[in-house]
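The values are calculated or read from the model by the stated rules, or taken from the named source; none is laboratory data. Predicted, not measured: the structure shown is a model, and the values here were computed from it. Don't worry about glycine lacking a Cβ; one is built from the backbone with ideal geometry, like all the others, and counts go over all protein chains shown.
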């Protein structure tokens with residue numbers, strides 16, 4: 001393939017244009033090797049604030065800082081050449097005011113090279129989304145289960161059941177009308193997710209929602225079986241690398257203690273006189 005024929009990363013408008021077409025593929029990434037693995041297969045890659053739980057051992061996403069998002073965003077950017085990078089705005093970085101949201105969104109995009117930011121919230125955040133979009137910040141919205149709000153939601157519960165479905169629909173329509181180019185629907189009943197997908201003019205990205213959404217996203221460590229603290233119902237394990245890794249580490253430890261490693265093929269002999277090291 002020639003250099004001129006290489007696929008370039010999509011832009012937010014390209015993702016928006018995928019509404020109703022071939023499903024959008026996305027995964028989260030936090031490191032350069034992760035990003036390199038998924039770059040050829042994903043339309044966009046999300047640097048998620050789930051990094052706090054997955055890599056830093058935090059109990060929730062609430063302790064994630066701007067500095068953490070910048071560090072991981074720059075690492076992921078080094079591994080991408082084909083997929084668009086979207087980066088989460090951490091808790092406390094955008095809720096206070098539209099101006100605060102703009103300062104921090106601009107900081108994240110400038111320091112990481114992200115193509116867009118993602119923030120949580122529906123009707124309450126619509127004005128902020130419109131403010132950002134009007135000033136050149138592409139926004140992916142996130143409604144339904146919003147992990148940064150677990151203390152007010154009462155935990156990681158399915159959102160939008162019964163009468164609450166009307167409010168969730170209103171949230172999705174509000175962020176779409178405000179200018180978001182896509183919206184994540186997390187832990188939403190399948191029928192409601194399908195109704196939202198049909199009602200809004202921007203792509204819906206499901207995580208624990210419906211196969212009828214315009215795209216899907218999962219945490220890479222979940223689908224590879226690396227993050228084993230718990231497994232959500234909506235996660236499909238495509239590998240069990242956590243178990244494989246534990247077995248490999250145990251085998252290594254056994255080899256070291258039995259002096260089977262390193263073997264002759266892993267060590268260096270004495271250099272011959274005059275030989276280069």
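General remarks:
- In the set (1) outside the structural domain of residue 191 (by TED's automatic domain parsing); (2) surrounded by 14 or more Cβ atoms within 10 Å (Cβ to Cβ), the condition left unmet by residue 213 is number (1).
- The combined condition, being exposed (fewer than 11 other Cβ atoms within 10 Å of the Cβ) and either touching a helix residue (DSSP H, G or I) at 6+ places or on another chain (Cβ under 6 Å) or at negative phi (or both), is not fulfilled by residue 231.
- Only residues that are buried (at least 22 other Cβ atoms within 10 Å of the Cβ) and in a loop (DSSP other than H, G, I, E, B) were counted across the stretch 45-65, and they come to 4.
- Note on the stretch 147-232: enclosed strands (runs of 3 or more DSSP E) holding 2 or more residues that are free of Cβ contacts under 8 Å to residues at least 60 places away in the same chain and closer than 19 Å to residue 121 by Cα are 182-186, 204-207.
- Residue check for residue 68: surrounded by fewer than 16 Cβ atoms within 10 Å (Cβ to Cβ), in the same structural domain as residue 122 (by TED's automatic domain parsing) and modelled with pLDDT of 95 or more: no
- Among residues of the stretch 147-190, those that are surrounded by 15 or more Cβ atoms within 10 Å (Cβ to Cβ), touching a helix residue (DSSP H, G or I) at 6+ places or on another chain (Cβ under 7 Å) and closer than 26 Å to residue 102 by Cβ, counted: 14
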